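Report on one structure; see the data block that follows.
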Amino acid sequence: MGAPDSARAISVEAGQGCFVGLFDAMASPCEILIESEDRELATRLTRTAADEAWRIEDKFSRYLPGNVVGCINSCDGKPVEVDEETASLLDFAATLHALSDGRFDITSGVLREVWSFDGGDHIPDREAVSDVLQRVGWNRVSWRRPVLALQPGMEIDLGGIGKEYAVDRVAGILSEAAACSVVVNFGGDLAVTRPPQQRRAWRVGIEAVSATGGKGETVLQVRSGALATSGDSRRFLLKDGVRYSHILDPRSGWPVEGAPRSVTVAADTCTESGMLSTLAILEGYNAETFLDGEEVKYWCRR
Amino acid sequence: MNRTRIVSVGIVGLVTLASGCSSMGVEPWERDILAKEEMQLTTDPIEAAIDDHIYFSTAVTECTSMADKNPKSVSAALAAATCSLLGSVPAAPVQAAEEPTWDFNTALLYYGEDNDRVQDLSLNILARRNYVDDRSLTLGLTVDTLTGATPNGAIRQNVPQTFTRPSGSSAYTVPGGELPLDDTFKDTRAAITVGWEQPLGRLWKTSIGFSGSREYDYTHLGLNGSLSRDFNKRNTTVSAGLAVAHDIWDPVGGTPVAFAPMLDVGDTGNKTGSETKDIIDAVIGVTQVISRRLLVQLNYSFSNSSGYLTDPYKFLSLVDGATGETIPRVPPPGAEGPSHEFRFENRPDERTKQSLYGQAKYYMGGKVLDASYRYMTDDWEIDSHTVDLRLRWPLGEYSYIEPHFRFYTQSEADFYTISLVDGAELPAFASADYRLGNFDAITAGLKYGWKTRSGKEMSIRAEIYQQDGTIPGDLLIGNQVGRETYPDLDAIIVQFSYHFSR
């Protein structure tokens, strides 16, 4: 989750057979597509969506010192009692850590102290990585709901869950608030509240390579459920002809080998889509094998 | 050879008009039952032309229920964890699929008239590339082969009749008592269409297109465009379209001079070079969603053709004003030529048609009734009425049958006649073309469509076509009464269609 945008404003534009609400949150352009002819409704829904997105951003951004994450990260190993929502996110993170054999770890953020994926060629030395790795590992923390105790120097970062969680939260709220179909799209991670009525499906363009091959933009028709994409082909390091992806394996502290540049997964919720695509990327060379085994629809770009 | 030959059957002949109005954009806005594809009004050239695209409701996905999954799988555990995190179960299972970028509609059509008259085999391929934001490119190709014989316009005689072929290079003889048919017909036609369609803002939609076709004696070039706008929460669509065409006739053996006599083999003194024809078609229409089950469309169209509208291969018998018998003619010694006096026909060089068209689609518990009516009138005094009924009856989830019935009736053109009287003053225009006469036609058939597991759609259609005409009594002279009858026609139509995407 990025820093709060200085300009927290919403705008509503007329799209094709829908209204489009726009705002920025979590360092992403956010878009609410509302299948309605009612501009007032569209404005109200966009406002509701933005408020919830900004609430989540404020509460969980690691860039804001005063919030719950800042509190946990700055208390130098002392136990912290957290609220219900934070506890639910920590439970979820704990489950993912177990499901991924330690590949998914919300304490891995401190590895950024040695890895900087700016497209350059600075590869840290092994010693520096090993040093930082001493402060990484969910197995090193004590989590007994609602009390979390990190070891001194450790940090948590909910950035790997936050955006997808926010999409699902907003979709849930908008689904209650309006009978029409709404798409909640936060920087490419999206969920549809209910099937559209005036069109067969919402059309979503993703940059990916389809299972049958053929690069370029693929258009997906989404009637319900969610899509999320993990990976970023622009963030990497290149040294001596070796490409280092920005996906780090928290167990070794080194980039995952053979990670796809991006993986888009379709699932019932955005949280599931996002976690499945993240787990697939962490599988490296086995990303497709993993996804095939899970029998989910996905689009992988290598 | 002549594109209008099958117009009365309402199949291939529609292509020209349809390509002009193909993207009228009269798009039904899908609501509820109206969202079902079988409730849509087809507007693609191939569909409009041959009425044969199979629609199925496209429930996109395999829906995955968490309970059905292997409990040891990551995704099942993840679903459970997400459910606790969000405090709710997903509203609906995911339905997402890759949008096909190319849609192909292909059809093979056989049209065959009885008694060795016209046979037409036609292959249609229509490819549509879909882009993001509802823009699309459409490419169409049609290849047609025509063979067989067609009435040449002359009346029956009790004695054999000899005619010079249109090419002027040989002659053919028709036995006494038989309807004179020209068996020279053999032609291959290739036609292409290119179309581009895109929305303009939220409520407007536009399209432009080009069409061209070539056969050895006829070339067609056309441009078309349309604009439509949605109103009333998209329950109403108003559209307008315009098509212009420039066609060139280059008849075999030259264009006959109006009312020129048929000459001996090798004598081209009655022929000139090529001729042209310009056509403007305009359509305005409105599509209205009446209820959850009913969709209606109304169109008014205007068409003006100017230039050479005569059929260069048709002529009339020159007859004795009292007996009605064709005036005999003896070719010069050593020459081969007509046995009687024949005069090439002549039609006005302008024709203006107007028509009103109404269509309704009604959904009743899975079945779809599609009914339409067209009234056409023109300044050649031809009035026609067409009623078309289809009932689409689903057979389970993957197939359907569709009975089809069509009735057509038209009055004759004001210059339609049977023969020209020797010695009398020539009329300004005259044609004995049976297609300009007074006739009724019935089409009846059945279509069966099915869909494969991989999503390919196929259908087969078989129809019979029957055309029965009458010659007004006052056009018959002397012995023609009782001998001359309208050349009735029976034909069969078989079509196989195949639709796939990739």
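Here the alpha carbons of chain B define both size measures, Rg and Dmax, at 27.2, 106 Å.
Taken over the C-alpha atoms, the protein assembly as shown has Rg and Dmax values of 36.2, 125 angstrom. Between the helical axis of B:74-86 and the dominant principal axis of chain B, each derived from Cα atoms, what acute angle in degrees is found, rounded to the nearest 10? Taking the Cα atoms of chain B, the angle to B:74-86 is about 70 degrees. When peptides B:450-463, A:190-203 are ranked by their average number of other Cβ atoms within 10 Å per residue, the highest-first order is A:190-203, B:450-463. Ordering A:Met154, B:Met364 by the number of other Cβ atoms within 10 Å of each residue's own Cβ, fewest first, gives B:Met364, A:Met154. Inter-chain Cβ neighbour count for B:199-209, averaged per residue, equals 2 (cutoff 10 Å, partner chain atoms only).
Per-residue packing, averaged as other Cβ atoms within 10 Å, sorts the ranges B:486-495, A:165-174, A:47-56 into the order A:165-174, A:47-56, B:486-495, beginning with the highest.
Legend: mean number of C-beta atoms from other chains within 10 angstrom of residue C-beta atoms, peptide B:95-107, equals 5.
Between the residues B:Pro427, B:Ser84, B:Gly112, the greatest Cα displacement towards the positive end of the dipole of the protein assembly as shown, with unit charges on the Cβ of Lys, Arg, Asp and Glu, is found for B:Ser84. Compared with the alpha-carbon gap, the fully stretched path from B:Tyr498 to B:Val159 is longer by 117.0 nm at 0.36 nm per residue. The local environment of B:Ala491, defined by Cβ-Cβ distances under 10 Å, has a net charge of -4 under the rule Lys, Arg +1 and Asp, Glu -1. Does chain A come out rounded, prolate or oblate by the C-alpha gyration tensor, with a ≥ b ≥ c the root eigenvalues, rounded set by a/c under 1.5 and, if not, prolate when a/b is larger than b/c and oblate if not? In terms of gyration-tensor shape, oblate. Lysine pairs in chain A whose alpha-carbon atoms fall under 26 angstrom of each other, counting only those eight or more residues apart or on distinct chains, come to 4.
What does the charge count near B:Ala335 come to, summing +1 for each Lys or Arg and -1 for each Asp or Glu among other residues with Cβ under 15 Å from its Cβ? So the environment of B:Ala335 carries a net charge of -1.
Relative to its Kirkwood radius, the Cα radius of gyration of segment B:127-235 gives an Rg/Rh of 1.30.
Take each residue of peptide A:218-228, count the partner chain Cβ atoms within 10 Å of its Cβ, and average: the result is 6. In the structure displayed, which of B:Lys233/B:Lys447; B:Lys277/B:Lys447; B:Lys361/B:Lys447 lie more than 27 Å apart, Cα to Cα? As for pairs spanning more than 27 Å Cα to Cα, those are B:Lys233/B:Lys447; B:Lys277/B:Lys447.
Each helix, a run of at least 4 DSSP H residues, gives -39500 (n - 2.57); summed and divided by the residues of chain A, these come to -10000 deg cm²/dmol at 222 nm.
Just to confirm the number: angle between the C-alpha axis of helix A:270-282 and the first principal axis of chain A, 0 to 90 degrees, nearest 10? The angle comes out near 40 degrees. Each helix, a run of at least 4 DSSP H residues, gives -39500 (n - 2.57); summed and divided by the residues of chain B, these come to -1500 deg cm²/dmol at 222 nm. Relative to the longest principal axis of the Cα atoms of chain A, helix A:159-177 runs at roughly 20 degrees. About the centre of its Cα atoms, the protein assembly as shown shows a dipole size close to 2060 debye [charges on the beta carbon of Lys, Arg (+1) and Asp, Glu (-1) only; nearest 20 debye]. With the simple model of a label 7 Å out from the Cα in the direction of the Cβ, B:Val143 to A:Thr43 spans 6.0 nm. Using θ = phi - 60° in the Karplus curve 6.51 cos²θ - 1.76 cosθ + 1.60, the 3J(HN,Hα) couplings for segment B:292-302 round to 4, 10, 10, 10, 10, 9, 10, 10, 10, 10, 10 Hz; x is entered for Gly and Pro. Of the residues B:Asp250, A:Asp268, the one with the fewest other Cβ atoms within 10 Å heads the list, and the complete ranking is B:Asp250, A:Asp268. Peptides B:233-245, B:161-173 ranked from most to least packed by the mean count of surrounding Cβ atoms within 10 Å: B:233-245, B:161-173.
For segment A:292-298, 3J(HN,Hα) computed residue by residue from phi via the Karplus equation (6.51, -1.76, 1.60; θ = phi - 60°) reads 4, x, 7, 6, 10, 7, 8 Hz, glycine and proline entered as x.
Taking amide H atoms as placed 1.01 Å from N in the peptide plane, the amide H of B:Leu316 lies under 5 Å from those of B:Arg343, B:Phe344, B:Glu345, each 5 or more residues away in sequence or on another chain.
Where a number appears in this text, it was derived from the coordinates with a stated rule and is not lab data. Please read all numbers here as calculations on a predicted model, not as lab measurements. Here Cβ is always computed from backbone atoms with ideal geometry, including for glycine, and neighbour counts include all displayed protein chains.
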